[in-house]
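So the structure is just underneath, and the comments pick up after that.
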Amino acid sequence: MKKLLLLATSLIAGFTMMAQVGGSLPTTPIKNSNGQTVAFNSIFTPGKVTIVSVWNVPCIPCRQELNAVKKKWDQWKSELDFDYIIISNDDARAMSKAKGMAKSQGWPMTAYYDVNSDLKRSLNFQEVPFTFIVDKNGKVAFMHTSYKPGSEDIIFKKAQEIAAKK
């Protein structure tokens, strides 16, 4: 019975996330690294593919993913003109830890903060790491939850495919 319930829950969550692919980006307020509030949909460069990774401080797979991306950063940037944004969904009390971690780890991505989990609710996801790709037209083109070594390569390959579309 537990396995059946888990399967049903997974299917429902998968269909919910799939329904968002192709959707417009929400105007949900988030904080930039200076603490200023910005609309989520305003942080994207028109005409450019953007990878977005939502993470939090206690999430070990999140840190593994971001560190794996950091190792491949120079190679990836030489192969594709894209943006990479990371968004911490830690609460207000942990925001300074998140900022400190992003800086101490030397993650080269642009960092934002979803301190009230408003973006998490807007995008309707439950788990981190939650990574998605926004196409050149500002639409969600791909979503991925969880991290296993090598997942970053799959996401980058998908970003290349999305960037190649006209």
- Message: Please list 3J(HN,Hα) in residue order for the range 80-91, calculated via the Karplus relation 6.51 cos²θ - 1.76 cosθ + 1.60 where θ = phi - 60°; whole Hz, with x for glycine and proline.
- Response: 8, 8, 9, 10, 9, 10, 10, 10, 7, 10, 6, 6
- Task: Output ³J(HN,Hα) for the range 42-58: one whole-Hz value per residue in order, computed from phi by the Karplus curve 6.51 cos²θ - 1.76 cosθ + 1.60 with θ = phi - 60°, and x for Gly and Pro.
- Result: 8, 8, 9, 8, x, x, 10, 6, 10, 9, 10, 10, 9, 9, 8, 4, x
- Message: Give me, ordered by chain and number, the residues 5 or more places off residue 141 or on other chains with an amide H under 5 Å from its own placed amide H.
- Response: 22, 133, 134, 135
- Query: Under the definition of Cα pairs under 8 Å and six or more residues apart, what whole-number percent is the relative contact order of the chain?
  - Reply: 31 percent
- Note on the structure: Among (1) 19.7, 59; (2) 15.6, 50; (3) 15.2, 46, the entry matching Rg and Dmax of the Cα atoms in Å as calculated here is (2)
- Query: Gain in length, residue 71 to residue 117, computed as 0.36 nm per residue apart minus the alpha-carbon separation, to one decimal in nm?
  - Reply: 13.7 nm
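In this model, which of 77/120; 72/120; 77/139 are farther than 24 Å apart at the alpha-carbon?
Those over the limit are 77/120; 72/120.
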- Once every DSSP H run of n ≥ 4 in the chain is given -39500 (n - 2.57) and the sum is divided by its residues, what mean residue ellipticity at 222 nm do you get, rounded to the nearest 500 deg cm²/dmol? -13500 deg cm²/dmol
- Rounded to the nearest 5, the percent of DSSP beta bridges in the range 36-145 running antiparallel is 50 percent
- Go through 119-129, 91-101 and give me the packing order, highest mean Cβ count within 10 Å leading. 119-129, 91-101
- Task: Calculate, axis by axis, the spread of Cα positions in the range 49-139 along the three principal axes, and write the results as whole Å, longest axis first.
- Result: 38, 31, 18
- Candidate span helices, the chain: DSSP H, at least 27 Å along axis from Cα coords, Kyte-Doolittle average at least -0.5, result 2-20
- residue 60 accessible area, nearest 10 Å², 1.4 Å probe? 100 Å²
- Near the amide H of residue 55, under 5 Å away, which other amide H atoms are found, from residues 5 or more places off or on another chain, if H is placed in the peptide plane? 87, 88, 89
- Taking a ≥ b ≥ c as the square roots of the eigenvalues of the Cα gyration tensor, with a/c under 1.5 meaning rounded and otherwise prolate when a/b exceeds b/c and oblate if not, the range 103-157 is rounded
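The values are calculated or read from the model by the stated rules, or taken from the named source; none is laboratory data. A quick note: this is a predicted structure, and the numbers were derived from the prediction, not measured. Note that each Cβ is placed from the backbone with ideal geometry, even for glycine, and that neighbours are counted across all protein chains shown. The accessibility values were calculated without ligands, DNA or RNA, using every heavy atom of the protein model including side chains. Shrake-Rupley method; radii C 1.70, N 1.55, O 1.52, S 1.80 Å.
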